[in-house]
1. State the Cα centre-to-centre distance between the range 1-53 and the range 69-118 in whole Å.
2. Out of all DSSP beta bridges with both ends in the range 2-178, state the antiparallel percent to the nearest 5.
3. In a GNM of the chain with a 10 Å cut-off on Cα contacts, which of Met104, Met299, Met28 has the highest mean-square fluctuation?
4. When DSSP beta bridges are limited to those with both residues in the chain, what percentage is antiparallel, rounded to the nearest 5?
5. Which of Glu303, Glu34, Glu95 has the fewest other C-beta atoms within 10 Å, and how do the rest follow up to the most?
6. Could you state the orientation-averaged shadow area of the convex hull built on the Cα atoms of the range 6-134, in nm² to one decimal?
7. Once you sort the root eigenvalues of the Cα gyration tensor of the chain as a ≥ b ≥ c, which label holds: rounded (a/c under 1.5), prolate (a/b larger than b/c) or oblate (the other case)?
8. Most exposed first by the Cβ proxy, i.e. fewest other Cβ within 10 Å, how do Arg254, Arg173 rank?
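Any read-out appearing in this document is the output of simple, stated calculations on the displayed coordinates, not a laboratory observation. Owing to the predicted nature of the structure, the values given are computational and were not obtained by experimental measurement. Here the Cβ positions follow ideal geometry from the backbone for every residue, glycine too, while neighbour counts run over all protein chains shown.
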Amino acid sequence: MRAAVLGAGSWGTAFAKVLADAGTDVTMWARREEVAASIRDRRVNPDYFPQTRLPDRITATAHAGEAITGAEIVVLAVPSQTLRGNLAEWVRHLEPDASLVSLMKGIELSTTKRMSEVIVETSGVAAERVVVVTGPNLAPEIMLGQPAATVVACTDLERAKAVQKAVTAPYLRPYTNTDVIGCELGGAVKNVIALAYGVATAMGLGDNTKATLITRGLAETLRLGVALGADPLTFAGLAGLGDLVATCSSPFSRNRTFGEHLGRGETLEEAQASTRQTAEGVKSCLGIRDLARKHGVDMPITEQVERICHEGVSPKVAMLALMNRELQHEVR
Ligand SMILES: NC(=O)c1ccc[n+]([C@@H]2O[C@H](COP(=O)([O-])OP(=O)(O)OC[C@H]3O[C@@H](n4cnc5c(N)ncnc54)[C@H](O)[C@@H]3O)[C@@H](O)[C@H]2O)c1
Ligand SMILES: O=P(O)(O)OC[C@H](O)CO
């Protein structure tokens, strides 16, 4: 078994380690030759995990074709908004029955599509070949080998099981699921709620506020999911509640951290200048808000996160807007 991991960022690197520790040979693709050379020759990704030696089963290249050719599993680990362009260049190298594994947790801005939809549209492969891996998986903890679980979702259960096997490491326990829509939405929307959680944290708000954001954040994720055909139970699982809790609680989370910058009164540009890695929720909140409006789904936290990020609304005004909404029945 050989896998390609396309993207040598935080999660791409940690996931390559998972595959290697599960016994799979991995070729990573890095955009920059010096990163590929460091992984290949020194077994270290200097930009993301300079202290961790990567397993010998991992090699790297700056030529995507070299990584993809001959790979039975092709893992996509680039920012959601660049995936379409990246994949268009890579598709000609794909083996006829390779599984395409999406690690991304975002919604495409221009189309409001989920990542698996973008993959099918761009590559022309059948939806049954696209697998989504998602769950409470903060890359720095996975790199340390701390025990965690994840979800391997595919409409083709047999393919999900094959990928499940390929990513079972001593510290990672993967579960299969066939609800790709629910798993992807859980991963994308939790980033937006984690931004709100970060804002609340920086505002000095306490555990009542935070628990309310998590619970009502999950409620709006579930409403959107049901409108799009997801199984509501998915949101009680690792890809839903699990990832939401992990991302909101963790100081490692780029989304929560970004929210903290905004909560301290920084502008979008200032927050972007102080954070280098991908915080998917910042762009995805626009796509998720549009998707929700298109389907007539009420997503008040997402609406306010979008206003803070992109309309310059202050966290205090956004919080007041959330509190002053019309009173409602809890479950609807
Ligand atoms: N980091 C985590 O803990 C984690 C865990 C689970 C899922 N994810 C998801 O995985 C996806 C990737 O996140 P990450 O953490 O690896 O992000 P990252 O910012 O650490 O890395 C992104 C990688 O993509 C590359 N890249 C940037 N722009 C590019 C472009 N235009 N074309 C090609 N490559 C480009 C960067 O060089 C980098 O190697 C995101 O959707 C994220 O939500 C991340
Ligand atoms: O660092 P974040 O906020 O992108 O979150 C990372 C993972 O998605 C957590 O599962």
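1. The distance from the Cα centre of the range 1-53 to that of the range 69-118 comes to 18 Å.
2. If I count the DSSP bridges inside the range 2-178, around 20 percent turn out antiparallel.
3. Residue with maximal mean-square fluctuation among Met104, Met299, Met28: Met299.
4. So the antiparallel bridges in the chain amount to around 20 percent.
5. Glu34, Glu95, Glu303
6. Over every viewing direction, the Cα hull of the range 6-134 projects on average to 7.3 nm².
7. prolate
8. Starting with the residue having the fewest Cβ neighbours, the order is Arg173, Arg254.
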